[in-house]
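A.B. asks: Below: one structure in structure tokens.
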Amino acid sequence: MRLLTHNMLSSTIKGVSNGFPLTIEAAKVVEKQVDMNSDFLKNIFSKIEWKPFVEAAKTLGFSELPEEDVQPSLLDSHEFLTKFHHALLEIHLEEGALVCPETGRKFPVNKGIPNMLLLEDEV
Amino acid sequence: MAARPELQAPPEIFYDQSEARKYTSSSRIIDIQAKLSERALELLALPDDGVPRLLLDIGCGSGLSGETLSENGHQWIGLDISEAMLDVAVEREVEGDLLLADMGQGLGFRAGVIDGAISISAVQWLCNADKSSHEPRLRLKAFFGSLYRSLARGARAVLQVYPQNVAQRELILGSAMRAGFAGGVVVDYPHSSKSRKEYLVLTCGPPSLNAAVPNAKGEDGMSCSEDDSSGDEENQTVTISDRNRPRKKRKLDKKSKGKDWVLRKKEQLRRKGSSVPADTKYTARKRKSRF
Ligand SMILES: C[S@@+](CC[C@H](N)C(=O)[O-])C[C@H]1O[C@@H](n2cnc3c(N)ncnc32)[C@H](O)[C@@H]1O
């Protein structure tokens, strides 16, 4: 799972009012190179919750993203786009867990796949 | 004919390793999945601007359908309830992200972040109660409600489904409408029991131009897409239902074809040798909208 997906995911356990962002516990992180597409990055930028994105990237070992004052004008900077692209699409959480911020319930991640199945009493 | 898979076992059991294997080894299955997902992507009608979008593949299974999305440049997130199927997707090194999840429990995405969703041959599984705690209506409600919330306004979901009967089709479509979607069903190859395919084409957000069900191909003598220009009557697409949101009165459709058109069309089909129901006083009568 990449941070693109992490940034869109929230916990839907019954009774949880704000399940976003899921905390990451990283046991294994892998990187896979992907061609950069700046149109995609420009389009998705407004949908990214930036702070959780920066935090998640740090958890996975990448701390070169700007933290403050992230304006759309940054999208004109190639340097920024390269980092944004890398953090969003090239870093994978391979093994570990996602943790619901309200309940602490862990969703295990194996072979890069988060197990988001809920138990009957969580639905 | 083999019994419907939905009647044999729950999906996470039915799609076991040996079933999942077919998705890498059977060229027929691979071909069908590719064709269905290309058509679904076409019906999504994303803006023609070359910008890759963030899409969902619901019941992504082995990732064959997702590969179509990747080939068209899009980013996607796939979810499926079967580990065996997802293992095949991992093996295939699909480019999308995968989640082990049950759509009937609702999708866990933030509001409005998804640009479009496709689903190939998966949603009819929700009509089955595989556990005592399963109530199809509630699971469909959870699914469509959460899908609606996660889609950007104006975005579409195209769900290719195999409803078992009319009641299931109504159940699925009704749940979608109650969640706020506008849209209807597009039927490809309606006259062929083998090739017939149904797609729910749903639009999120207030009814707008976008919400019209895509034009039926082959209805106005227009040719179908490139490869089906044979004129073969199987190669037709008709829209069988065009419904709007519940509670809103439907505007009179100016383009409504009326009885004369239907009678003419039936006559044409008869000349081609198709079996067509006899004309009666019920032919092309106005039908009450169900919602
Ligand atoms: C016909 S297969 C589609 C395969 C997929 N399009 C592919 O390319 O491999 C239907 C899929 O729907 C999945 N499915 C059925 N019920 C589901 C549910 N409640 N939640 C998520 N996936 C489900 C099945 O596990 C199966 O992989």
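A.B. asks: Check B:I81: other-chain or 5+ apart residues with amide H under 5 Å from its amide H, H built from backbone geometry?
C.D. replies: B:A101
A.B. asks: Moving on to the next point. Exceeding 28 Å between C-alpha atoms, which entries from my cross-link table qualify? They are A:K51/A:K111; A:K106/B:K35; A:K51/A:K106; A:K32/A:K58; A:K58/A:K111; A:K47/A:K106.
C.D. replies: As for pairs spanning more than 28 Å Cα to Cα, those are A:K106/B:K35.
A.B. asks: From the phi angles alone, apply the Karplus equation (6.51, -1.76, 1.60; θ = phi - 60°) to the stretch A:73-79 and give each ³J(HN,Hα) in whole Hz, x where the residue is Gly or Pro.
C.D. replies: 4, 4, 5, 7, 8, 4, 4
A.B. asks: If you take the square roots of the eigenvalues of the alpha-carbon gyration tensor of the stretch B:126-206 and sort them as a ≥ b ≥ c, do you get rounded (a/c under 1.5), prolate (a/b over b/c) or oblate?
C.D. replies: Oblate.
A.B. asks: OK, next. Based only on Cα atoms, what Rg/Rh ratio does chain A have, Rh being taken as Kirkwood's radius?
C.D. replies: 0.99
A.B. asks: Let me ask you something else. Which three extents, in whole angstrom, do the alpha-carbon atoms of the stretch B:33-107 cover along their principal axes, largest first?
C.D. replies: Dimensions of the stretch B:33-107 along the principal axes of its Cα atoms: 35, 27, 20 Å.
A.B. asks: With the Cα gyration tensor of the stretch B:1-146 in hand, convert its eigenvalues to equivalent ellipsoid semi-axes via √(5λ) and list them largest first in whole Å.
C.D. replies: Working: eigenvalues 111, 78, 35 Å².
They are 24, 20, 13 Å, listed largest first.
A.B. asks: At a Förster distance of 45 Å, what's the computed FRET efficiency of B:S192 paired with B:D49, Cβ-Cβ distance as r, to 0.05? Could the numbers behind the result be given before it?
C.D. replies: Numbers: r = 35 Å, r/R0 = 0.78.
Efficiency for this residue pair is about 0.80.
A.B. asks: When the chain is fully extended, how far beyond the present Cα-Cα distance does B:H134 get from B:R4, taking 0.36 nm per residue of separation?
C.D. replies: Between B:H134 and B:R4, full extension yields 44.9 nm more.
A.B. asks: With label points built 7 Å along Cα→Cβ from the Cα atoms of B:R153 and B:I13, find their separation and express it in nm.
C.D. replies: Simple spin-label model gives 4.5 nm for this pair.
A.B. asks: Here is a follow-up. Give me the net charge of A:S10's neighbourhood, meaning all other residues with Cβ under 13 Å from the Cβ of A:S10; Lys, Arg count +1, Asp, Glu -1.
C.D. replies: +1
None of the figures in this text is laboratory data; all of them are computed from the coordinates on show. Since the model is a prediction, treat every value here as computed from it, not as a measurement. Glycine gets a Cβ as well: all are built from the backbone with ideal geometry, and neighbour counts include every protein chain shown.
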